[in-house]
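Remarks on the structure that follows.
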Amino acid sequence: MLTTVAGGLVGIVSPAGSATGPGGEVHVQARAFEGWDDTFTGTIRLGCRPGLAADGVHVSFSQGGKTSPEREISTGPACTGTLRRQDYRSDEGFHPGKAVVHVRMVLVDAVTGAPRGEVTVSESVYVRPAAKVVLPRTAEIRPDGVLAVRVRIRCDRPWANYASFVSADQRQGASFASRVVEDVPCDGTYHRRTAVLTSEEEREFRAGWVRLTGEVVLENADLELGLEAFASRAALAQ
């Protein structure tokens, strides 16, 4: 929380992912989210004390030895002594996993425009995949050789779930089935679903090892298909 006393920023305990400077403060949210076209999105919070003006907020991004050019994302917050949220989007060429966000906020005197320093921070963020499917270690054999597979599926806003699938393969395709998993909203939480699979081949599923595969296909607001999430594992059917 920002406290203003006698026109200054005081009493601030800065958590990890934040920096304080001459009259300003920048926080980087530790979690970011997978975006369209190999980008990621996230949030920073900025503030500066009255009497100053922010003369631009600049960001760049690093991952795997690559750093993007710095660019301005905002002219800066109003210097009122309170924090303001600012969203960002990375350049293309970045992926889920660990990345670093570099932020630089330039401060000037609100009256004269004279430089009053900069607040800079470079902080690691975790870019969460836009979708994920978690497959079980075991599956249930039901009567007539039907296989029941309990999965967990998640996808994040603002994506829409175009389709989710679960398939099972046993004895090198002797028994195979695939099914669409219905009604999985993209609200950022995991949803449990049971896929009931009947072999498309002549042989029913039976007790033993089976190869499970899960897939989630996402679309954006323009109904363009884009991101996909896959999972595959051996499970014991019993």
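The values are calculated or read from the model by the stated rules, or taken from the named source; none is laboratory data. Values in this document were obtained by computation on a predicted structure and should not be read as measured data. Positions of Cβ are generated from backbone atoms using ideal geometry, with glycine treated the same way; all protein chains shown enter the neighbour counts.
Listing for the model above:
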read-out	value
Among residues of the range 63-77, those that are within 12 Å of Ser90 (Cβ to Cβ), without any contact (Cβ under 8 Å) to a residue 24 or more places away in the chain and not in a strand (DSSP E or B), counted	1
Criterion: outside any strand (DSSP E or B) and either surrounded by fewer than 16 Cβ atoms within 10 Å (Cβ to Cβ) or in contact with a Cys (Cβ under 8 Å, 6 or more places away or on another chain) (or both) - qualifying residue of Gly113, Gly117	Gly113
Filter result for Pro129 (surrounded by 15 or more Cβ atoms within 10 Å (Cβ to Cβ), touching a residue at least 60 places away in the same chain (Cβ under 8 Å) and either within 30 Å of His58 (Cα to Cα) or touching a Phe, Trp or Tyr at 6+ places or on another chain (Cβ under 6 Å) (or both))	yes
Candidate set: the range 191-238, residues that are aliphatic (A, V, I, L, M) and outside any strand (DSSP E or B); chosen: the one nearest to Asp144 (Cα to Cα)	Ala207
Of the criteria (1) of a type outside the set (Gly, Ala, Ser); (2) at positive phi; (3) outside the structural domain of Glu182 (by TED's automatic domain parsing), which one Glu118 fails	(2)
Qualifying positions in the range 217-230 - farther than 14 Å from Pro96 by Cβ and either surrounded by 13 or more Cβ atoms within 10 Å (Cβ to Cβ) or β-branched (Val, Ile, Thr) (or both)	Val217, Glu219, Asn220
Enumeration of residues in the range 218-235 that are among the small types (Gly, Ala, Ser) and modelled with pLDDT of 85 or more	Ala229, Ala231, Ser232, Ala234, Ala235
Selected residue (criterion: surrounded by the fewest Cβ atoms within 10 Å (Cβ to Cβ)) from residues of the range 83-110 that are assigned to a loop (DSSP other than H, G, I, E, B) and of a type in the set (Gly, Ala, Ser)	Gly93
